[in-house]
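Derivation of every value follows stated rules applied to the coordinates shown; laboratory data play no part. Only a predicted model underlies this, so the values are computations on that prediction, with no experimental measurement involved. A quick note on method: Cβ atoms are made from the backbone with ideal geometry, for glycine too, and the neighbour counts reach across all protein chains shown.
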């Protein structure tokens, strides 16, 4: 479900970026990427998301979402 070419759902953002959907939500809550609500659905600015991903690639930050806790 695409809002339009500028706004994509959190799930679409996760698929496009390779990040986990929960990490996308963390970025939204932290104000790292632009998002807005369309009815009950949160959507992400595709342009801002891709800029964020690009910056991560340039700095070598290859993380795909939050690290999982180790079972120690």
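Residues in segment 38-48 include at least one that is part of a strand (DSSP E or B) and either in contact with a helix residue (DSSP H, G or I) (Cβ under 7 Å, 6 or more places away or on another chain) or without any contact (Cβ under 8 Å) to a residue 12 or more places away in the chain (or both). Of the residues making up segment 32-41, just one is surrounded by fewer than 16 Cβ atoms within 10 Å (Cβ to Cβ) and within 15 Å of residue 20 (Cβ to Cβ), namely 32.
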